[in-house]
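**Student:** Have a look at this one before I ask anything.
The values are calculated or read from the model by the stated rules, or taken from the named source; none is laboratory data. This structure is a prediction, so every number in the text was calculated from the model and none was measured. FYI the Cβ positions are ideal-geometry reconstructions off the backbone, even for glycines, and counts take in every protein chain you see. When the accessible area is computed, the model is the full protein with side chains, heavy atoms only, and any ligands, DNA or RNA have been set aside. Shrake-Rupley method; radii C 1.70, N 1.55, O 1.52, S 1.80 Å.
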Amino acid sequence: MTGKIGTVPIFQLVSCLDGYDPDALHVEKAREAMRACIAPISETETLPIREALGRVLVQEIVPRINVPAHDNSAMDGYAVRHADIAQPLSEIGTALAGKPFAGTVGPGQCVRIMTGAVMPAGTDTVVIQEVVKRDGNRIVVPPGQKRAQNVRYAGEDLKVGVPVLKPGKLLRPAELGLIASLGIGEVRVMRKLRVAFFSTGDELASIGSALKEGEVYDSNRYTLHGMLARLGVEITDLGVVRDDPAALEAALGKAAKADAIVTTGGVSVGEADFIKQLMAKLGEVLFWKIAMRPGRPMAFGRIGSAWLFGLPGNPVAVMVTFYQFVRDALLHLSGRTDDYAIALLRATAADNIRKVPGRTEYQRGIAFREAGEWKVRTTGQQGSGVLRSMAEANCFIVLEHERGAVKAGEQVQVQLMEGVA
Ligand code: AMP
Ligand code: MG
């Protein structure tokens, strides 16, 4: 149903990547491995542009008209012939946005013009109204006006025949407006991805039931729901599944109808064995130890035609592995070809940060401005079960694989969690 790489075993695809080591996989390598396996979906649909917000463009957008369609004024003022402005000019009419001046402006003449109005025939320059002296319909222009100033030219924004949007681009509000400015009302986009997810664990209680001894409320399904919803995918929530082979097999069977399956829990060393057997029976799944913190164990593979992302159980590890891997893999699967990597920005560490070389760390941070400079501190306790660290954070502090302890004042990389969309 989707354009997946048919029958080539995943293992074969990833093991030829340089430096592939499933027991100490660098984060970049894990991302690369997922991309190497996953081919984008191919089904498309045509939507009215409003509904295409957040979708992936399939067609190339090539203007059939210039935008703006005519040379027009960028300011309120007077449309003049630059060669004539040393002498007083006589005002012979008005040009408004949507109401052009019908005649031609001759020597010694000018036209009152408003922003967006078409440049009257014969004129080449706009002088802003604030600087002219006016006496009846005689207009005196001060010296120092540049030829062609305050004129917006036809095609300055978009030119006939010059492609402006490429297939694979995310449609944001700006793109919708741009498409609308060309008079186009519908666009061809990728269909939405379908993603199914569930939590695993005998200790999980659902909201509404009282906690028994040793139980925790299932929070992963809520963070996952939120993260998936923001990606704009169609979501199927399959609930909590017990650590029981038959229950897991049934859940995976249902989930495999989707394009991708996200599970949490059950991939840590103590639990992985029975899951491994089950996965081997149902599809092909690799179990990785990623050189990162939080989020070391992770499973990636295929169940039927669905991609499987088996995330760790710890709530912070779920969010970090989602943002660092699942997001990237799903956007690739959705057909995006624009740059969707989360930007890495520089900030100054406000305090010392503990870190050991040999793994990439995603510490939760609070970025703030001080004396005109971006600084960052951690949210404190960094345990992979401390979801509060995510709720308090506005960024990840990304500490590179090779890096050791960070001293206050050193530069670190951060990924902001919110931005202009
Ligand atoms: P696991 O990876 O299954 O060994 O789980 C690791 C830790 O994460 C355990 O302390 C679990 O109780 C916790 N955990 C697993 N799943 C969830 C969940 N859905 N919500 C909250 N905590 C969870
Ligand atoms: Mg578990």
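**Student:** Out of L286, L282, report the one residue that is more than 17 Å from G313 (Cβ to Cβ) and touching a residue at least 60 places away in the same chain (Cβ under 8 Å). So that I can check it myself, show each step before the final result.
**Tutor:** On the way: L282 fails: touching a residue at least 60 places away in the same chain (Cβ under 8 Å).
Sole residue among the options that is more than 17 Å from G313 (Cβ to Cβ) and touching a residue at least 60 places away in the same chain (Cβ under 8 Å): L286.
**Student:** So, one more: Of the numbered conditions (1) more than 9 Å from ligand 1 (Cβ to nearest atom); (2) open to solvent by 50 Å² or more (accessible area, probe 1.4 Å); (3) among the aromatic types (F, W, Y), Y217 satisfies every one except a single condition; which is it?
**Tutor:** (1)
**Student:** Taking the stated definitions as given, is E32 in a helix (DSSP H, G or I), surrounded by fewer than 16 Cβ atoms within 10 Å (Cβ to Cβ) and not small (G, A, S)?
**Tutor:** no
**Student:** Quick one: which strands (runs of 3 or more DSSP E) sit completely within region 230-325 and have at least 3 residues that are within 12 Å of ligand 1 (Cβ to nearest atom)?
**Tutor:** Of the strands (runs of 3 or more DSSP E) lying wholly inside region 230-325, those with at least 3 residues that are within 12 Å of ligand 1 (Cβ to nearest atom) span 234-241, 260-264, 297-303.
**Student:** Right, something else. So which residues in region 173-201 are surrounded by 12 or more Cβ atoms within 10 Å (Cβ to Cβ) and either within 16 Å of ligand 2 (Cβ to nearest atom) or not aliphatic (A, V, I, L, M) (or both)? Can you show your working first?
**Tutor:** In the first step, residues of region 173-201 are kept if they are surrounded by 12 or more Cβ atoms within 10 Å (Cβ to Cβ); the result is 175-176, 178-182, 184, 186-201.
E175, S181, E186, R188, R191, K192, R194, F197, F198, S199, T200, G201, listed by residue number.
**Student:** Among the candidates V131, V162, V140, V151, single out the residue that is open to solvent by less than 50 Å² (accessible area, probe 1.4 Å) and either on the phi < 0 side of the Ramachandran plot or modelled with pLDDT of 95 or more (or both).
**Tutor:** V151
**Student:** Do we have any residue at all in region 193-212 that's more than 21 Å from G310 (Cα to Cα), of a type in the set (K, R) and either touching a residue at least 60 places away in the same chain (Cβ under 8 Å) or in contact with a strand residue (DSSP E or B) (Cβ under 9 Å, 6 or more places away or on another chain) (or both)? Lay out the reasoning, then the answer.
**Tutor:** As a first pass, look at region 193-212 and keep what is more than 21 Å from G310 (Cα to Cα): 207-212.
This time we only want the ones that are of a type in the set (K, R), so: 212.
Right, trim to either touching a residue at least 60 places away in the same chain (Cβ under 8 Å) or in contact with a strand residue (DSSP E or B) (Cβ under 9 Å, 6 or more places away or on another chain) (or both) and you get 212.
Yes, because at least one residue in region 193-212 is more than 21 Å from G310 (Cα to Cα), of a type in the set (K, R) and either touching a residue at least 60 places away in the same chain (Cβ under 8 Å) or in contact with a strand residue (DSSP E or B) (Cβ under 9 Å, 6 or more places away or on another chain) (or both).
**Student:** Continuing with the same structure: Looking only at residues in region 114-128 that are under 18 Å from A83 (Cβ atoms) and either touching a Gly at 6+ places or on another chain (Cβ under 6 Å) or not aliphatic (A, V, I, L, M) (or both), which one is surrounded by the most Cβ atoms within 10 Å (Cβ to Cβ)?
**Tutor:** Here the residue is V126.
**Student:** If you scan region 239-268, which residues turn out to be buried (at least 17 other Cβ atoms within 10 Å of the Cβ) and either more than 16 Å from ligand 2 (Cβ to nearest atom) or of a type in the set (D, E) (or both)?
**Tutor:** A255, A256, A258, D259, A260, I261
**Student:** Also: Would you mind telling me which numbered condition in (1) open to solvent by 30 Å² or more (accessible area, probe 1.4 Å); (2) part of a strand (DSSP E or B); (3) not hydrophobic (A, V, I, L, M, F, W, C) Q415 fails?
**Tutor:** Status for Q415: all satisfied but (1).
**Student:** Quick one: which of Q59, Q87 is at pLDDT 95 or above, assigned to a loop (DSSP other than H, G, I, E, B), touching a strand residue (DSSP E or B) at 6+ places or on another chain (Cβ under 7 Å) and open to solvent by 50 Å² or more (accessible area, probe 1.4 Å)?
**Tutor:** On the way: Q87 fails: touching a strand residue (DSSP E or B) at 6+ places or on another chain (Cβ under 7 Å).
Going through Q59, Q87 in turn, the sole match is Q59.
**Student:** Just to verify a result, which residue in region 204-214, among those that are exposed (fewer than 14 other Cβ atoms within 10 Å of the Cβ) and not polar (S, T, N, Q), is nearest to ligand 1 (Cβ to nearest atom)?
**Tutor:** G214
**Student:** To continue, here is another question. Pairs, please: C-beta under 7 Å, at least 6 apart or cross-chain, first residue small (G, A, S) and in region 368-391, second within 15 Å of ligand 1 (Cβ to nearest atom) and open to solvent by 50 Å² or more (accessible area, probe 1.4 Å)?
**Tutor:** Sorted first by the residue in region 368-391, then by its partner, the pairs are S384/N314; G385/N314.
**Student:** If I filter region 44-53 for residues that are part of a helix (DSSP H, G or I), within 30 Å of W307 (Cα to Cα) and without any contact (Cβ under 8 Å) to a residue 24 or more places away in the chain, do I get at least one hit?
**Tutor:** Yes - at least one qualifying residue is present in region 44-53.
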